[in-house]
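The values are calculated or read from the model by the stated rules, or taken from the named source; none is laboratory data. Keep in mind that this is a model prediction, so the values were computed, not measured. When we count neighbours, we look across all protein chains shown, and the Cβ atoms used for this are built from the backbone with ideal geometry, even at glycine. The accessibility values were calculated without ligands, DNA or RNA, using every heavy atom of the protein model including side chains. Shrake-Rupley method; radii C 1.70, N 1.55, O 1.52, S 1.80 Å.
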Number of protein chains: 2
Amino acid sequence: MKIKQPVYAIDNIISDYNDLTVYETVFHNANGYIGVRSNFEEGYPEGIDTIRGSYINGFYDIAEMKQAEKLYGLVEDKQTMLNVVDTQTIYLIIDGEKFSMFEGTVKESKRWLDMEKGITGRYIVWRSPKGKEIEISIKRMTSFTQLSLFTIEYIVKALNFNGNIVFQSYHRGEVQNYSNENDPRAARESSRYLVPAQAVVEEGVSYLTSDTSKSALSVCTGVAHRLSKDSSIVTKLEGHSASTKIDTAIVENESIQLVKYTVFSDSIRHKDCTANAKVEMGKALTVSLETLYQAQFVYLKEYWNNCLLEIKGDDELTEAINYNMYQLIQSVGKDEHCNITAKGLSGEGYEGHYFWDTEMYIEPFFNLTEPSITKNLISFRYKTLDKARENAKILGHAKGALFPWRTIMGTECSGYFPSGTAGYHINGDIAYSVVAYYLVTKDLDFIAEKGAEIIFETARLWMDVGNYSNGTFRINEVTGPDEYTCMVNNNYYTNVSAQYNLRWAYKFYYMLKEAKQLTNIEKLGITEDEVREFERAADLMYLPYDNTLKINPQDDSFLDKKVWDLENTPKEKFPLLLHYHPLHLYRHQVCKQADTVLAHFIFEDAQSMETIRNTFHYYEKVTTHDSSLSTCIFSIMASKLGLIDKAYDYFGDSAKLDLFNTHKNTKDGIHTANMGGNFMAIVYGFGGLRIKENSIYFAPSLPKQWEQYKFQINYEDSQIIVEVNAKETIFTLVKGGSKVIHIYGISYNLEDVVKIALQG
Amino acid sequence: MKIKQPVYAIDNIISDYNDLTVYETVFHNANGYIGVRSNFEEGYPEGIDTIRGSYINGFYDIAEMKQAEKLYGLVEDKQTMLNVVDTQTIYLIIDGEKFSMFEGTVKESKRWLDMEKGITGRYIVWRSPKGKEIEISIKRMTSFTQLSLFTIEYIVKALNFNGNIVFQSYHRGEVQNYSNENDPRAARESSRYLVPAQAVVEEGVSYLTSDTSKSALSVCTGVAHRLSKDSSIVTKLEGHSASTKIDTAIVENESIQLVKYTVFSDSIRHKDCTANAKVEMGKALTVSLETLYQAQFVYLKEYWNNCLLEIKGDDELTEAINYNMYQLIQSVGKDEHCNITAKGLSGEGYEGHYFWDTEMYIEPFFNLTEPSITKNLISFRYKTLDKARENAKILGHAKGALFPWRTIMGTECSGYFPSGTAGYHINGDIAYSVVAYYLVTKDLDFIAEKGAEIIFETARLWMDVGNYSNGTFRINEVTGPDEYTCMVNNNYYTNVSAQYNLRWAYKFYYMLKEAKQLTNIEKLGITEDEVREFERAADLMYLPYDNTLKINPQDDSFLDKKVWDLENTPKEKFPLLLHYHPLHLYRHQVCKQADTVLAHFIFEDAQSMETIRNTFHYYEKVTTHDSSLSTCIFSIMASKLGLIDKAYDYFGDSAKLDLFNTHKNTKDGIHTANMGGNFMAIVYGFGGLRIKENSIYFAPSLPKQWEQYKFQINYEDSQIIVEVNAKETIFTLVKGGSKVIHIYGISYNLEDVVKIALQG
């Protein structure tokens, strides 16, 4: 399937130096294993801010994180994603003049991303200070079909001269992470994490191997060069770097192509990563670049076939949505050793950590488009279950597992536990995601193999953290999704999510028992008594409800607090977290993001429509949406409540967050959860999709700004296309057996096509 | 008045090296301005732990305290009390053999403190490896009458030889603070804070001046030596140190006396501290040592006259109580530039910070014995009021002042705000202490001058932090005294203390208005409307009460939490804070210390006796007394409830905490608040003393273990001695005009003596 506007391009005559770091993010290349920021090959003059980085998903070192006051169990070190190498650097010298975007005359300059081909590029026409003109075309690719591989194809053409050109290309092993003392979202101190271990040049290919300082890991990168014409290519080692010099003649109108291959390998996946890098390089060099490009195209063709989403009447939005879906496949980990970071592999914000974003904002997208990826993401959590058990012990729990709020390899990396570790809902989120995967795939084998163990161990934790009081089961001293209200009792979201977790623990127990698939979890020693206790706690789960307002309070004390005067808060005081002390925030009714409203989206059957409506209107007034995870949820719920204009407003420009840098921090990386959230706002919001135990539900609506929209989803063995226009909604079964579907609450048998008039 | 057992002495043949640091604390010298730990003059072999320190109250540098995660308003640096100099070191060499407690034979060794004379000492008989025997007598004093002065009188006598002796005495300016990575109560990292500024020797006196690295302060110390016989005294500078060599002959049975004088001066009190040190040294050297000793004795005679406290039937306890009272006068600041630190000037625990201990545990003692000291302590708070106003702004408050949880010069030094800055009750405590001082002295002039401004500004803060809800005034998101339960709503202690603060704000307003003494606070712009609002909030203050248990819950959610199973918690898991994650502690009903029970002591008229009794029994079961501020309060309340055996048990050995190192951390310094608390347990507890607006109240009881006890208090213009024996209580007015006093609820006119039969 072809996507609309597959190429996103910008003119790039540099005007604002601050934009440079933003475009480094926007045009980065990644494939879920490696990510390379889009830095200029030729570099920048001194004093210009740039974040030059190449990253491996799940590859980390340990960084110190001292607590201002030492208390038992507080985290004192964390994992941090490493910038592992610089292989981007290529200087181009024409007759002694070095190409630079900051000297001479840039006559033309474009940067582009082709989302069908999976390639980014630059195109520059440049006139040197001495008047020599060249045309430069650069293409970059991180291969989806050979995850270790990153290529730069660098073509230079002499436009008005005969002369000499030199490529000076580098492979630098001694690199550091970016740091910014003043930005709470970036690391605060730069450290040298990688220790040089080995540097060799074999058959013109340089291999640099480094060890991490504390995490006992190794990384190897290999770099090779191929020139389109015969010329000497001389590679020399200098310390833990290699430099390659190519010196050749060029004549007017001649084009010379240099291809620079980088392969990455690490000791998490390969015991001897140096040996593996050599294998990978061998593999890359045996096929032509064109073949690699072709494989990339084929991979993406399949991807776009699975995630069609088009909006008629807003081409820019369609482009943005496609951009987001492209970033999601670029960012998401492809093996159980990693997950998807808050910033993908595009930057160092949040230090490459994995959050609940994965389960609540990313997996809902992959469930519908590529559920095998969800399976991988859950497998990652499964792999870290022992670490989560240890974490539970640190927190004082006698049993169960508590997943870390932020992590790379499974241990907690939160420095400030009240809005970190205290977010116990991460357990409910992970359990929810297992169920969601099951509901869309009915893959009980995976539940038997991995899912159930997660569900049981998280359920056990709820039993330990909660307590019965006044005939109800209560959960104290936790933090819900809203980080402006911390360490509260009976956070509605947490409790309803724990209830769901406990309910599915006993459901799965009996399903597996019936299917004779309990073998795998026998080691847990789960008994029917214990399962019944899960059921009892779920049944007695206390879900706060306010009789006067007829809403679910966010927690036991939320409504007793002062309402924050948002109307009279000056614009420059947002986001509030950068301008107010946590105690002041916690003392007020003010929300950073959807919390109870999110619970009502995820667990809509727990409350009446009236409660959901009142709750939505109540929280709307006290939510700042300072988090990028918020407006998409409000949009979904506005759709549910029939407030389509409001839904559209919430949806608004948030789809373009990174393309337009609306949060002013795209330089640190893309916002992967927001990207998933925007997909959700269309499919779950305007499309009204819900997947429940007994069936699949739709309740489509159409914003008046759009002529039509169309999306496609996987459900069990089938693929369904939903097309919504001003008149009607058309459901087309494009794959798989017939399905009972619910539209606006009425059930239909979808065998081929079902057409229903648009409501509302 | 003579005190019983004025000399506390121990044999000190070294057996356990760990005791050394404990005795450094126990026998330290201090006078409220300077403190010198009792280190051996001759030093220790390498590898033996020692905390060699000399401190100035209120003198500090700024230390970095990075937060693991940066959030708005979190404290990132703190003040830390400095070890300013080493002038203790004196090596003694007899015929080439250096005296050491760790070589040769220690035939006799004693250490002692004379609390009447204000002097500590050592007495040693030592035989050198080569068989030479000497007797050493050392006396140390920090002068109460010349606060800058510290003296060491060192007398050596040759017992079995004629020969040569050398004193090698040092004055070292390059010193560091003690650090211990593993102890949350000690600083975590050692830094060099002092920068050498000037070193001179003038007329044989060395003066070393140093500047702090960040706080822009200077300190100067001067050291002089006097020998009892003519001999050359040679003082040389080496870097930022001076060494003095005295080489002389000694004959059998001859005693030679060396007196080493140290004066301290600092730029907080004296702009040119070097010049001031010279003046102080001149002053010290013009009088004989005997004259200085005599002045010390006279000062303490007056002190002991004011704080008589004797227990017949327990001499060891009387000694311990006297020790504690001695430590309090040693520790407490004597000017408005300082206060009393948690560890006095005896060690570096809690980094020389001032806490609420001052107001709630120390001032109750000084109010009754030396109220001018309370006045000083309040003046210190008054001096830092502007800093407290700034602190309130950082915390988001539009008006009022919020005193810091821990500080030296007035800014917040809490690294972990949930059990630091969130302890807003510090405001109520300081306001309470102003009222308490007023009630005992009726010093309205001081209220007009300083007290009222504190009361009004703290009252304003309560108005800003609290809010009306359901017809009550509520205070959310604060931490009460119990640090095992943090960031709660409507902590009973905090609310009742805020109520008292607000009530006294309007009381003082009208008292001052009537006395035409409002001039001083006109600048605050307090209006009658505002004062009426204080009154309204106080009247509507929400004080949590549980109808089922008929107790005051510690806060809104305390009773909903799981009860900690204290009975089945192994002994080695105490104190809990060293073994459990804060979230786990916060999630349980478990208290580190008296909280609601403390509120019932301080504000007993807010609740019925039934509520107070039920509350006491309830919290008794869930309190660990992991804080040294706890058992004394439980003892007082047990006394109030007529549970004298229980009161005695709580009182128990806590009076001997530091003498017997029962908390295993006396090495870091004495526990000043505990010392005040023990006094309170007798006078307010067994004696049943309360001072209220309209009168003074007693309700004496006698533990069966005691024959009799006696204490004396100041009240308004009078001094009253209370003697309690098995038969009766005798109240004697020893000074001042007649007073109406209440005994067991009945009022009497005390003109001379009132005798009442003992009840209960």
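Restricting attention to the range B:691-709, and to residues there that are touching a residue at least 60 places away in the same chain (Cβ under 8 Å) and buried (at least 17 other Cβ atoms within 10 Å of the Cβ), which single residue is farthest from residue B:309 (Cα to Cα)?
This residue is B:691.
Is the range A:661-669 home to any residue that is outside any strand (DSSP E or B) and within 22 Å of residue A:433 (Cα to Cα)?
No, because not a single residue in the range A:661-669 is outside any strand (DSSP E or B) and within 22 Å of residue A:433 (Cα to Cα).
Can you tell me which residue in the range A:90-130 is nearest to residue A:247 (Cα to Cα), limited to those that are touching a residue at least 24 places away in the same chain (Cβ under 8 Å) and among the hydroxyl-bearing types (Ser, Thr, Tyr)?
A:91
Which members of the range A:414-442 meet the condition of being surrounded by 23 or more Cβ atoms within 10 Å (Cβ to Cβ), of a type in the set (Val, Ile, Thr) and either more than 11 Å from chain B (Cβ to nearest Cβ) or within 13 Å of residue A:457 (Cβ to Cβ) (or both)?
Passing the criteria: A:426, A:430, A:434.
If a residue has to be over 17 Å from residue A:415 (Cβ atoms) and either within 13 Å of chain A (Cβ to nearest Cβ) or touching a strand residue (DSSP E or B) at 6+ places or on another chain (Cβ under 6 Å) (or both) to count, how many in the range B:57-91 make the cut?
Qualifying residue count, the range B:57-91: 18.
If we only count strands (runs of 3 or more DSSP E) wholly inside the range A:166-278, which ones have 3 or more residues that are touching a residue at least 60 places away in the same chain (Cβ under 8 Å)?
Hits in the range A:166-278: A:194-202, A:205-212, A:218-227, A:241-250, A:255-266.
Looking at this structure, is residue A:174 open to solvent by 10 Å² or more (accessible area, probe 1.4 Å) and within 35 Å of the chain's Cα centre (by Cα)?
It is true that residue A:174 is open to solvent by 10 Å² or more (accessible area, probe 1.4 Å) and within 35 Å of the chain's Cα centre (by Cα).
Condition check: open to solvent by 10 Å² or more (accessible area, probe 1.4 Å) and touching a strand residue (DSSP E or B) at 6+ places or on another chain (Cβ under 7 Å). Does residue B:128 satisfy that?
no
Cβ-Cβ below 6 Å, separation at least six or inter-chain, first residue in the range B:676-690 and part of a loop (DSSP other than H, G, I, E, B), second open to solvent by 10 Å² or more (accessible area, probe 1.4 Å): which pairs?
B:688/B:699
Would you be able to say whether some residue in the range A:636-659 is touching a Lys or Arg at 6+ places or on another chain (Cβ under 7 Å) and more than 14 Å from chain B (Cβ to nearest Cβ)?
Checked against the condition, which is being touching a Lys or Arg at 6+ places or on another chain (Cβ under 7 Å) and more than 14 Å from chain B (Cβ to nearest Cβ), the range A:636-659 yields at least one hit.
Going through the range A:214-229 one residue at a time, which ones are among the hydrophobic types (A, V, I, L, M, F, W, C) and open to solvent by less than 60 Å² (accessible area, probe 1.4 Å)?
Listed by number, the residues that qualify are A:217, A:219, A:220, A:223, A:224, A:227.
Might you let me know whether the range A:488-498 holds any residue that is in contact with a Pro (Cβ under 6 Å, 6 or more places away or on another chain), within 10 Å of chain B (Cβ to nearest Cβ) and in contact (Cβ under 8 Å) with a residue 60 or more places away in the chain?
yes
Take the residues of the range A:461-485 that are part of a loop (DSSP other than H, G, I, E, B), farther than 10 Å from residue A:555 by Cβ and touching a residue at least 24 places away in the same chain (Cβ under 8 Å): which is farthest from the other protein chains (Cβ to nearest Cβ)?
A:481
Pairs only if they're at least six apart or on different chains, beta carbon under 6 angstrom, first in the range B:579-591 and more than 7 Å from chain A (Cβ to nearest Cβ), second assigned to a loop (DSSP other than H, G, I, E, B) and charged (D, E, K, R); list them, first residue then second.
B:588/B:561; B:589/B:561; B:591/B:482
Which of the helices (runs of 4 or more DSSP H) contained wholly in the range A:512-624 include at least 1 residues that are open to solvent by 50 Å² or more (accessible area, probe 1.4 Å) and closer than 29 Å to residue A:471 by Cα?
The qualifying helices (runs of 4 or more DSSP H) are A:528-539, A:609-620.
When you look at residue B:24, is it among the acidic types (Asp, Glu), open to solvent by less than 20 Å² (accessible area, probe 1.4 Å), under 24 Å from residue B:316 (Cβ atoms) and touching a residue at least 60 places away in the same chain (Cβ under 8 Å), yes or no?
yes
Let's see how each residue does on (1) touching a helix residue (DSSP H, G or I) at 6+ places or on another chain (Cβ under 8 Å); (2) surrounded by fewer than 19 Cβ atoms within 10 Å (Cβ to Cβ):
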site: B:206; (1), (2): no, no
site: B:212; (1), (2): no, no
site: B:231; (1), (2): no, yes
site: B:258; (1), (2): no, no
site: B:262; (1), (2): no, no
site: B:265; (1), (2): yes, no
site: B:275; (1), (2): no, yes
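Yes/no matrix, rows are residues, columns are (1) farther than 21 Å from residue B:341 by Cβ; (2) open to solvent by less than 10 Å² (accessible area, probe 1.4 Å); (3) among the basic types (Lys, Arg):
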site	(1), (2), (3)
B:99	yes, yes, no
B:116	yes, no, no
B:124	yes, yes, no
B:134	yes, yes, no
B:149	no, yes, no
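For the list (1) modelled with pLDDT under 95; (2) β-branched (Val, Ile, Thr); (3) open to solvent by less than 30 Å² (accessible area, probe 1.4 Å), I need the number of the one condition that residue B:84 fails.
(1)
What pairs come out if I take residues in the range B:735-760 that are in a strand (DSSP E or B) and exposed (fewer than 14 other Cβ atoms within 10 Å of the Cβ) and pair them with residues that are at pLDDT 95 or above and charged (D, E, K, R) whose C-beta lies under 6 Å away, six or more apart or interchain?
What qualifies is B:755/B:728; B:757/B:728.
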